[in-house]
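These notes are about the structure you will find just below.
The values are calculated or read from the model by the stated rules, or taken from the named source; none is laboratory data. For clarity, every value in this text was computed on a predicted model and none was experimentally measured. Please note: Cβ atoms are built from the backbone with ideal geometry, for glycine as well, and neighbour counts cover all protein chains shown. These accessible areas exclude ligands, DNA and RNA; they are computed on the full protein's heavy atoms, side chains included. Shrake-Rupley method; radii C 1.70, N 1.55, O 1.52, S 1.80 Å.
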Amino acid sequence: MKKPASIDAATASKLIDQRIAELGDWRGDTLARMRKLIHQAAPDVVEEWKWMGTPVWSLGGIICTGESYKEKVKLTFAKGASLNDPAGLFNASLEGNARRAIDIAEDRKVDANAFKALIKAAVELNASGKKAASRRPK
């Protein structure tokens, strides 16, 4: 099976813009806000479009993905189990070995500073070259 051609960053950014516009409701607003915070925390972040339509933010490896569902926007951190989360933003995929996610419902506001700290920590972890540590809750 042939690997599909990769999408360049400019095209990926346009596709993310399009996704936000298509959502046209609180989910689009939420995804746009979180995208802006990602860029503030990691100005060199690369936007990608993977897995048949998933926005991905990377820098030295995947930082997080941004998915939209009927009742939530989900930001999944590839190495989330290895990140310190003192603000308790992670509220989904807590049973996973490596990933952690933030599910954002329509009425939930995510603390901008805490979120940017998670993004910075994910970038630092990627830069360190360390693999995600398994931190399965007991």
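Show the residue pairs that are 6+ apart or on different chains and have beta-carbon atoms under 9 Å apart, the first residue being within region 62-74 and closer than 12 Å to Arg99 by Cβ, the second being surrounded by fewer than 18 Cβ atoms within 10 Å (Cβ to Cβ) and of a type in the set (Phe, Trp, Tyr).
From residues that are closer than 12 Å to Arg99 by Cβ, the pairs are Thr65/Trp51.
If you check every pair at least six apart or on different chains, which have Cβ atoms under 6 Å apart with a residue in region 107-120 that is open to solvent by less than 70 Å² (accessible area, probe 1.4 Å) first and a residue that is assigned to a helix (DSSP H, G or I) second?
Once the first residue is open to solvent by less than 70 Å² (accessible area, probe 1.4 Å) and sits in region 107-120, its partners that are assigned to a helix (DSSP H, G or I) give Ala112/Leu37; Phe115/Leu37; Lys116/Leu37; Lys116/Ala41; Ile119/Ile38; Ile119/Ala41.
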